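Have a look at the structure below before the remarks.
The values are calculated or read from the model by the stated rules, or taken from the named source; none is laboratory data. These figures come from a predicted structure and were not determined experimentally. Neighbour counts are summed over all protein chains in view; Cβ atoms, including those assigned to glycine, are modelled from backbone coordinates with ideal geometry. To get the accessible areas, we keep the full protein, side chains included, count just its heavy atoms, and leave off ligands, DNA and RNA. Shrake-Rupley method; radii C 1.70, N 1.55, O 1.52, S 1.80 Å.
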Amino acid sequence: PAAPPDWVVNRSPLASCGEERLVRGDTNVEARQCLFDAFEAGRGAELISTEAITEGREVTRYLRVHENGTIEVFTDWTRDSLAPGTWERETCGQILSAEEVRDVWIEEVFIILDCQDQPLP
């Protein structure tokens, strides 16, 4: 796969909550809780989440929360043959705990909502 673009490589540093590799819905509950706790406490943090969709297809998301409450998601679609093959940047309006949203699996820890596409830097 191609190297990430400069705006991802040189993104502002945030505390790491680690990485997770999602296969058949598995999540890294501790890493997700770290990101949610950082958001709730007004601290910056990042979680890198790679989802294996099918063999040979995967999507990586950089989930980022900032001290000022901004929620960003950078998505790498370059390793999904059925996707546009580019990177995407979004800002999101909400991050809700799984307890607040009764119809998601508790293992998800949180969901991110109200995301809007942003221009790439």
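Out of Asp37, Asp76, I need the residue that is open to solvent by less than 20 Å² (accessible area, probe 1.4 Å) and among the charged types (D, E, K, R). Which one?
Asp76
For every residue, the table says whether it meets (1) under 19 Å from Glu19 (Cα atoms); (2) small (Gly, Ala, Ser); (3) in contact with a strand residue (DSSP E or B) (Cβ under 9 Å, 6 or more places away or on another chain).
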position	(1), (2), (3)
Ile48	yes, no, yes
Leu63	yes, no, yes
Glu67	no, no, no
Phe74	yes, no, yes
Arg79	yes, no, yes
Pro84	no, no, no
Gly93	no, yes, yes
Glu100	no, no, yes
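Please go through segment 79-110 and pick out each residue that is among the hydrophobic types (A, V, I, L, M, F, W, C) and either crowded, with 16+ Cβ neighbours inside 10 Å or free of Cβ contacts under 8 Å to residues at least 12 places away in the same chain (or both).
Once the filter is applied, which keeps residues that are among the hydrophobic types (A, V, I, L, M, F, W, C) and either crowded, with 16+ Cβ neighbours inside 10 Å or free of Cβ contacts under 8 Å to residues at least 12 places away in the same chain (or both), segment 79-110 yields Trp87, Cys92, Ile95, Ala98, Val101, Val104, Ile106, Val109, Phe110.
Kindly establish whether Thr78 is modelled with pLDDT of 95 or more, hydroxyl-bearing (Ser, Thr, Tyr) and out of contact with any Asp or Glu (no Cβ under 7 Å at 6 or more places or on another chain).
no
Any idea how many residues of segment 13-27 are open to solvent by 50 Å² or more (accessible area, probe 1.4 Å) and closer than 18 Å to Asp76 by Cβ?
4
Return yes or no: is Ile71 more than 19 Å from Leu120 (Cα to Cα) and among the β-branched types (Val, Ile, Thr)?
The answer is no for Ile71.
Kindly provide the set of residues from segment 58-67 that are open to solvent by less than 30 Å² (accessible area, probe 1.4 Å), of a type in the set (D, E, K, R) and more than 8 Å from the chain's Cα centre (by Cα), ordered by number.
Within segment 58-67, none qualify.
Return the total of residues in segment 5-21 being assigned to a strand (DSSP E or B) and either among the polar types (S, T, N, Q) or farther than 20 Å from Ala38 by Cβ (or both).
Selection size over segment 5-21: 2.
Can you find a residue in segment 52-59 that is of a type outside the set (Ser, Thr, Tyr) and modelled with pLDDT of 95 or more?
no
Please tell me if Thr70 is open to solvent by 40 Å² or more (accessible area, probe 1.4 Å), at pLDDT 90 or above and of a type in the set (Val, Ile, Thr).
Yes; evaluated as a whole, the condition is true for this residue.
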